[in-house]
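What follows draws every value from the coordinates through simple rules; no lab data is involved. Keep in mind that what you see is a predicted model, and the values were worked out from it rather than measured. Positions of Cβ are generated from backbone atoms using ideal geometry, with glycine treated the same way; all protein chains shown enter the neighbour counts.
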Amino acid sequence: MIVAEGKPIAEVAKLIEDANKVLVVGCGGCVTVCLAGGEKEVGVLASALRMLRKKEDKPLETVELTISRQCDPEYMEQLEKYITDDIDAVVSMACGVGVQFVAERFNKWVVPALDTKFAGGALEHGVWGERCGLCGECILYKTGGICPIIRCSKSILNGPCGGSQDGKCEIDTEVDCAWQLIYDRMNTLGKIDKLLEIEPIKDWSKSRDGGPRKVVKEDVMIK
Amino acid sequence: MKSGSKLEKLFNQGEFVVSGEIGPPKHADADIIREHARMLKDYVDAANLTDNQTAIVRVSSIASAVHVLAEEFEPIVQMTVRDRNRIGIQSDLLGAYSLGVKNVLCLSGDHQSFGNHPTSKNVHDLDSIQLVKALKDMRDEKKFICGEEIKEHEPRFFIGAVANPFGDPFEYRVMRLEKKINAGADFIQTQCIFDMDRFERWMEQVRERGLHKKAKIVAGLMPLKSHKAAKYMQKFVSGMVVPDEIIERMEKAEDKKAEGVELCVEQIKHLQQIEGVAGVHIMAVNWEEIIPTIVEKAGLYPRPQIKE
């Protein structure tokens, strides 16, 4: 899933300092799962913003709503009747995708309430870790299911570098060396020989370096 | 002869090669580079010019190498894959060759979080092994990375790479070295050696795989000025192993600098006895002026000449 984290409340307050009435929109997708922008977080943020503004003697009116997914036009329709003329700004609690879909659809000032972090998963309750670099051409079959592009601090494809020690990365003793993990896994699976092959230079044009990407699945297209 | 560099010729003559290192300054004047070049040129066969080491902005390694060439000394240009993509790297290397540089050392580069621009973006379009292969393909296949032919004047570098016998996983280190050599490395400089036992175990594996016959292995050394430096490296520098005995020895010594020189000379003499070690690379960080003393005391002065 996309993992995101709430911006500091004061930062969000600053983004809407000129507004009198805002719509705070949550998303029922990834950000609900990672406890950053679901129904509960919408309630918490809206009341915090109201309290802050009350203290400043500039009361703020909030409308709260959470839709199933902000990254899908189908659900965006639910928003329509809430985007009234008196709404000065929309605070989106979705990932960067949701913020953009709302902004593309409605002629309103839309601000993000979250910082979108990465594609990852839950490591334990309350902790999420990055797992996918979204490079557009998966090589996990070569590395025992561990991604060096995003989990190695230098995206080394023929690792590890000289900074790997005691299983940890040179940048931080809290960060696992991806290549130690790859080595251990390939060793366990009896596939160390595969690591002797030189992995060729990657085609980054399949990643964001090729420009904004699109996936087209013609068989399900309506027109 | 692959490159015809002085370094390559000396290896081919079977000499025990000695190289040094010059760290470029954090300003736009080259006097210090030239001064170090003049100081070292009779005592070592070549010197590395570091490429923004520890990710701190300095005079570029290629510009520094040009100053070294002007002093009639042999540069080894370090090239990391941290700051440039394949377009920048190939372009800079064509430029370096056109300016007379013949030795390149390929590295990943320290992560930018260690340097003075920790909020920068890193590139890593290639990794160090892929860079070695790219240089070999430019030289031997006359091809750019994209496969396009270099119609004339291909850069013919003597290709260096690094190896760290002290990084983990230890069992995989020699296999990775083999990958680098298969990719095209002609010579290898190792991380600074303090743990001689571990280095010897690593060299055993190197010999078992016959790698010392495929590439020249140059042992890295760092003369110590004090026990504090040794302690710092033991504790904070990832991929470095500094045994307690060395720290104790430095701690006990009355004249720390003299002890550091003594230790380095002992290490050189020990390394000369190890089969497959083709030379030493002395990294006297912020202490370049000590290199002549060490080389003399190790009995490695005067340096050999190229036989015509």
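A few comments on the model shown:
- In order along segment B:87-100, the Karplus-derived 3J(HN,Hα) couplings, from 6.51 cos²θ - 1.76 cosθ + 1.60 at θ = phi - 60°, round to 6, x, 5, 5, 4, 5, 6, 4, x, 4, 5, 5, 8, x Hz, and Gly and Pro are given as x.
- Computed on the Cα atoms alone, the convex hull of the protein assembly as shown gives a volume of 204 cubic angstrom per residue.
- Theoretical ellipticity at 222 nm over the protein assembly as shown - DSSP helices of four or more residues, -39500 (n - 2.57) apiece, nearest 500: -10000 deg cm²/dmol
- Karplus (6.51, -1.76, 1.60) ³J(HN,Hα), θ = phi - 60°, over segment B:75-86, in Hz, Gly and Pro reported as x: x, 10, 7, 7, 9, 9, 9, 6, 9, 9, 8, 5
- 10 Å-binned pair-distance histogram of segment B:1-131 (Cα, whole percent): 13, 42, 35, 10, 1
- The ellipsoid equivalent to the alpha-carbon distribution of segment A:2-118 has semi-axes of 21, 16, 11 angstrom, derived from the gyration tensor eigenvalues as √(5λ) and listed largest first.
- Using the empirical formula 2.2 N^0.38 Å as the baseline, the Cα radius of gyration of segment A:66-143 reaches a ratio of 1.41.
- A straight chain from B:E262 to B:T54 at 0.36 nm per residue would run longer than the Cα-Cα distance by 72.1 nm.
- Rounded to the nearest 20 debye, the dipole size of segment A:169-223 about its Cα centre is 540 debye, using +1 on the Cβ of Lys and Arg and -1 on the Cβ of Asp and Glu.
- Averaging the Cα positions of each part gives two centres, and for segment B:238-282 and segment B:182-232 these lie 12 Å apart.
- For the protein assembly as shown, size of Cβ-based charge dipole, Lys and Arg +1, Asp and Glu -1, in debye: 680 debye
- The charge dipole of segment A:2-118, taken about its Cα centre with unit charges on the Cβ of Lys, Arg, Asp and Glu (plus for the first two, minus for the last two), comes to roughly 300 debye.
- Spatial extent of chain A: Rg and Dmax, with the Cα atoms as the point set, Å: 21.8, 69
- Global form of segment B:156-308, assessed from the alpha-carbon gyration tensor, a/c cut-off 1.5: oblate
- Legend: residue pairs A:K194/B:K180; A:K202/B:K2; B:K102/B:K136; B:K26/B:K136; B:K180/B:K225, Cα-Cα distance threshold 21 Å; pairs beyond threshold, A:K202/B:K2; B:K26/B:K136; B:K180/B:K225.
- When both segment A:116-191 and segment A:1-38 are represented by their alpha-carbon centers, they are found 30 Å apart.
- Counting other Cβ atoms within 10 Å as a rough exposure proxy, the listed residues B:S61, B:S98 run B:S98, B:S61 from fewest neighbours to most.
- Per residue, the convex hull spanned by the Cα atoms of segment A:133-210 measures out at 93 cubic angstrom.
- Tail beyond 24 Å, pair distance distribution of chain B (Cα, percent): 51 percent
- Residues A:S47 and A:D166, FRET efficiency given R0 of 56 Å [Cβ-Cβ distance, rounded to 0.05]: 0.75
- Amide H within-cut-off set for A:T66, under 5 Å, with H built and near neighbours excluded: A:G26
- The H on the amide N of A:V175, modeled in the peptide plane, is under 5 Å from the matching H of A:C169, each at least 5 residues off or on a different chain.
- Dividing the convex hull volume of the alpha-carbon atoms in segment B:58-110 by its residue count gives 72 Å³ per residue.
- Modelled this way, with points 7 Å down the Cα-to-C-beta line, the labels at B:E308 and B:S98 are 3.2 nm from one another.
- Of the cross-linked pairs B:K142/B:K307; B:K133/B:K256; A:K154/B:K216, those separated by over 31 Å at the C-alpha level are B:K133/B:K256.
- Projecting the Cα positions of B:S64, B:A215, B:G23 onto the charge dipole of chain B (unit charges on Cβ atoms of Lys, Arg, Asp and Glu, taken about the Cα centre) puts B:A215 furthest along the positive direction.
- The phi-based Karplus calculation (6.51 cos²θ - 1.76 cosθ + 1.60; θ = phi - 60°) puts the 3J(HN,Hα) values of segment A:101-108 at 5, 5, 5, 5, 7, 10, 8, 9 Hz, whole numbers, x for Gly and Pro.
- Comparing Cα centroids, segment A:42-85 and segment B:96-143 end up 50 angstrom apart.
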